[in-house]
1. For region A:127-139, what does the Karplus curve 6.51 cos²θ - 1.76 cosθ + 1.60, with θ = phi - 60°, yield as ³J(HN,Hα) per residue in whole Hz, taken in order and with x for Gly and Pro?
2. So how far apart, in nm, are the two label points at A:K28 and B:K127 if each is 7 Å from Cα heading toward Cβ?
3. Of A:K228/B:K103; A:K198/B:K70; B:K99/B:K198, which pairs sit farther than 30 Å apart, going by alpha carbon to alpha carbon?
4. To the nearest 0.05, how large is the calculated FRET efficiency for A:N64 and B:R98 if R₀ is 51 Å and r is the Cβ-Cβ distance?
5. How much net charge surrounds A:K228 when only the other residues with a Cβ under 11 Å from the Cβ of A:K228 are counted, with Lys and Arg +1 and Asp and Glu -1?
6. If neighbour count is taken as other Cβ atoms inside 10 Å, put B:S230, A:S186 in order from fewest to most.
7. For A:G68, go 7 angstrom from Cα along the Cα-to-Cβ vector, then report the distances to that same point in the other copies in nm, smallest first.
8. For peptide B:216-224, what's the mean number of Cβ atoms from other chains within 10 Å of each residue's Cβ?
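Laboratory data are not the source of any read-out in this text; all were calculated from the coordinates shown. Given the structure is predicted, the values throughout are model-derived calculations rather than measurements. Positions of Cβ are backbone-derived with ideal geometry, glycine not excepted, and every protein chain shown enters the neighbour counts.
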There are 2 protein chains.
Amino acid sequence: MKTNSKQNRFAKTITTPENAEHTLAATKEKILDTAERLFAERGLEATSIRDITVAAEVNLGAINYHFGTKQKLIEAVFNRRIEPLNQRRLAMLDEAERKSRGKPPAVEALLEAMIRPAVEGSFAAGKRNTTFMRLMARCHSEPNPEIEHLIRTQFQAMMARFAAAFARALPELPREELLWRLIFVSGGLLHALLISSKEDSLPGSLRKRLDADGLIQRLVAFAAAGIKSSA
Amino acid sequence: MKTNSKQNRFAKTITTPENAEHTLAATKEKILDTAERLFAERGLEATSIRDITVAAEVNLGAINYHFGTKQKLIEAVFNRRIEPLNQRRLAMLDEAERKSRGKPPAVEALLEAMIRPAVEGSFAAGKRNTTFMRLMARCHSEPNPEIEHLIRTQFQAMMARFAAAFARALPELPREELLWRLIFVSGGLLHALLISSKEDSLPGSLRKRLDADGLIQRLVAFAAAGIKSSA
DNA sequence: AGCCAATTCATACAGTTGTATGAATCATAC
DNA sequence: GTATGATTCATACAACTGTATGAATTGGCT
């Protein structure tokens, strides 16, 4: 046993040289990264705890040790991305309002604050980050009750602030109409990210030159026209 | 034997009065209905074959007998709804083009052909049909590879015809831009359906008076403004 | 060196999963 | 009524699921 485990460890150190910073929470992060990827690719229920531990090259017990249960791991995976995303959105909203000095910002600026952080999170270093895209897109349609509640709480708190900002920018638009239009915009954003994450579900002409800024520009322009249109 | 079966029939007729049309494939339909509901509520992987047979009050073996495997049942559930939906869309598209006699139909008419069949399938007899809503909304984000392929095939075939119609109505709009805008519209529709299916994720002011025609009108107006906006 | 808390590991367990099998029951035509 | 094909049923099975347990191992501290 002793020799066996020592041999295993040695082998690992050779094959995975990044173990230098093996100081703290290395396995925890490895689990989060791997779980995020597998959840995005195969779905929550279809991904077993063993799938994750094998892919992450950690022990089966590691998940229960670090997260307690599979459900807690799922929540950790989502929380790690959603909180920062929505905080960046609100930060951009704050900045837009600060820049416009008292006056309500342009609808386009508000939309960009909603959209840009999501799209940019989906393009890591210029290249598409399909994991993030799929995870975000699946956020809202996951049947998992705890996740649904988590998403709804986070999402509605952010959306309430945006709704107020839009209402100030478009005082003549009925509140009910505005809320529906924001739902349409959210859906358009999520679906665009999802579609972008699957190369081959894009119509041929869209496959080339798929960049973050292009998508943001298109969606902002489209949504601005829809939002500003008179009922 | 004859008397026996007649007695059984009679007993069944008493407890479940809709058994009048008990002529053929009664259990098959019961399985499809129940599976559709449970898949929509809990997701594909989270719903076991036993969950379905218990809820449908049929024998465990019934699914394997009538459908072969769980995967085949899943495909049957989706196919039963998607094909008729897309056929109605294309029929409305045909009618719009027929009515406009040579000229391209108004963008609003094209959008309504895309949107109305989906929304109306989601409102059975005036009331919300949350099962259908959730199933449709989950269509595009299901990780199941076979389902993904099924959806993509059906959806792209229909979308190609709509894209051509829109291109005729808006000849000055670049094709790439048009395709993206149609993706945005699809996303808005799907997300609106999903949101509508969860009562408590609707902002308070939207919960009342949620009707099919209202939603269609709002989405068509929003999408028409977005689609027609000059790049 | 030796101790301690943190982490990793192998293994076990009970419950659930999808599917298969063969007998029982059905409906129907003769 | 009996034969026949279609359907239903109870049961079995191997594989996989999430979780728990306790021993082994680690890295940092004095």
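1. Running phi through 6.51 cos²θ - 1.76 cosθ + 1.60 with θ = phi - 60° gives 9, 5, 10, 5, 4, 4, 4, 5, 4, 4, 5, 7, 2 Hz.
2. So the two model labels end up 4.9 nm from each other.
3. B:K99/B:K198
4. Using R0 = 51 Å, I get an efficiency of 0.20.
5. -1
6. B:S230, A:S186
7. 4.4
8. Per residue, the number of nearby Cβ atoms from other chains is 5 on average.
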